[in-house]
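Below is one structure, written out as structure tokens; comments come after it.
Only the coordinates and a few stated rules stand behind these numbers; no lab work does. This structure is a prediction, so every number in the text was calculated from the model and none was measured. When we count neighbours, we look across all protein chains shown, and the Cβ atoms used for this are built from the backbone with ideal geometry, even at glycine.
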Amino acid sequence: MTPGFYVVGTPIGNLDDLSSRAIETLREVNAILTEDTRRTRILLDRFGLKTPTISCHKFNEAARVDGILARLRAGESLALVTDAGMPGVSDPGSRMVTACRQAGLPVTCIPGPSSVTTAVALCGFSGAGFVFGGFLPRKSGALRKFLLQFASCEAPVVLFESPYRLLKVLDEIEATLGERPLFVGRELTKKFEELTWGAPAAIRKVYQGRVVKGEIVMVIAPSR
């Protein structure tokens, strides 16, 4: 295999969404840097892959850089994955990619599933591209200030949120942006995928009184 650093997209839910090119890459590299070795091992076992894994998450990524660069300079091929989706999209990976680029070492990407583009495809909101806002601030004041940025946004806005804070966030969106239409995707591509469209109050009725679990991706409709 050609030496270098391979950024590999992995399934956001359904393991069968892993591409044949990604499987081959993960089989052939010397080792796989992974956000959570236990979760990645489930994926690797699904496809009979025995490649060694190396823990690489937001708390130790900086400390890993020198060792990874040394291995790449020695002619190894290494892959980077996160728990789900594309590395570097609200997940670790950007620091390692930048370090490789600055060191003049080859980097390439094996693209794969992304909850961001999946939500954009499902929401049905037209607009000039889309805006990715990532994870929402936790404190109410900061959250409201953050949402106000999008009051006049003419593109769909994609956001990540914890299921435990969904109702609170719906309240804040209603208070800040009014009855702006929303899309909420829960557990995208998984067995219990749930898709909801409507104003904040309508979506609140769907989830109120329930124990909400799973990954949440929200899309705010354009202002016009």
For the range 49-66, in residue order, the Karplus 3J(HN,Hα) values (coefficients 6.51, -1.76, 1.60; θ = phi - 60°; whole Hz; Gly and Pro = x) are 9, 9, 4, x, 10, 10, 5, 8, 10, 4, 8, 10, 4, 4, 6, 7, 4, 4
Relative contact order as a percentage, the range 115-220, C-alpha pairs under 8 Å and 6+ apart, gives 32 percent
Taking the range 48-96, the equivalent ellipsoid from its C-alpha gyration tensor has semi-axes in Å, biggest first, of 18, 15, 9
Sorted by chain and number, the residues with a modelled amide H under 5 Å from that of ILE54, at a separation of 5 or more or across chains, are ILE32, LEU33, THR34
In order over the range 129-145: 3J(HN,Hα) from phi, Karplus 6.51/-1.76/1.60, θ = phi - 60°, whole Hz, x for each Gly or Pro, gives x, 7, 10, 9, x, x, 6, 7, x, 8, 7, 4, x, 5, 5, 5, 4
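Under the Kirkwood approximation for Rh and a Cα-based Rg, what ratio Rg/Rh is obtained for the chain?
Working: Rg = 19.3 Å, Rh = 18.8 Å.
With Rg and the Kirkwood Rh in hand, the quotient comes to 1.02.
For the range 4-110, what value does the Rg/Rh ratio take when both radii are computed over Cα atoms and Rh is the Kirkwood radius, given to two decimals? Numbers along the way, then the final one.
Details: Rg = 12.6 Å, Rh = 13.5 Å.
Taking Rg over the Kirkwood Rh, I get 0.93.
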With +1 at each Lys and Arg Cβ and -1 at each Asp and Glu Cβ, the charge dipole magnitude of the chain around its Cα centre, to the nearest 20 debye, comes out at 440 debye
Check: C-alpha center the range 81-128 vs C-alpha center the range 174-202, spacing in Å is 23 Å
Of all lysine pairs in the range 137-213 that are eight or more residues apart or on different chains, those with Cα atoms under 19 Å apart total 7
Charge dipole of the range 1-57 built from unit charges on the beta carbon (Lys, Arg +1; Asp, Glu -1), centred at mean Cα; most positive-end Cα among THR10, THR40, SER20 is THR40
Interchain or sequence-distant (5+) residues whose placed amide H lies within less than 5 Å of the amide H of CYS109 are VAL7
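Pulled fully out, how much extra length does the chain show between ARG101 and ARG46, if you take 0.36 nm times their separation in residues and subtract their Cα-Cα distance? Kindly include the intermediate steps, with their values, before the conclusion.
Working: separation 55, 0.36 × 55 = 19.80 nm, distance 3.20 nm.
That pair, ARG101 and ARG46, stretches by 16.6 nm at full extension.
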Taking a label point 7 Å from the Cα of LYS190 along Cα-to-Cβ, the residues of the range 1-40 whose backbone nitrogen sits under 17 Å from it are 10-18, 36, 38-40
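Would you mind telling me the antiparallel percentage of the DSSP bridges in the chain, rounded to 5? Walk me through the intermediate numbers first.
Numbers: 16 of 35 bridges.
Taking every DSSP beta bridge with both residues in the chain, the antiparallel ones total about 45 percent.
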If amide H atoms are modeled at 1.01 Å from N in the peptide plane, then the residues at a separation of 5 or more from GLU154, or on another chain, having amide H under 5 Å from its own are SER223
Quick calc of log₁₀ I(q)/I(0), the range 137-224, Debye, one scatterer on every Cα, no solvent, q values 0.14, 0.23 1/Å, result -0.44, -1.21
Per-residue Cβ contact counts at 10 Å, fewest first, order TYR6, TYR164, TYR207 as TYR164, TYR207, TYR6
Calc'd 3J(HN,Hα), the range 150-162, phi into Karplus 6.51 cos²θ - 1.76 cosθ + 1.60 (θ = phi - 60°), Hz, glycine/Pro = x, comes to 9, 4, 10, 6, 9, 10, x, 10, 9, 9, 9, 8, 6
Sorting VAL184, THR117, ALA128 by the position of each Cα along the dipole of the range 115-220 (Lys, Arg +1; Asp, Glu -1; all at Cβ), the one nearest the positive end of that ordering is VAL184
Taking Cα atoms only, helix 166-177 is inclined relative to the longest principal axis of the chain by an angle, in degrees rounded to 10, of 60 degrees
Rounded to one decimal in nm, the spacing of the 7 Å Cα→Cβ label points at ALA121 and LEU15 is 2.2 nm
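Considering Cα pairs under 8 angstrom that are at least six residues apart, work out the relative contact order of the chain and quote it in whole percent.
On the way: 417 pairs, mean separation 48.6, N = 224.
Taking the mean separation of contacting Cα pairs over the length of the chain, I get 22 percent.
Calculate for the chain the 222 nm mean residue ellipticity that helices alone would give, adding -39,500 (n - 2.57) per DSSP H run of length 4 or more and normalising by residue count, nearest 500 deg cm²/dmol.
Numbers: 8 runs with 79 residues, N = 224.
Rounded to the nearest 500, the figure is -10500 deg cm²/dmol.
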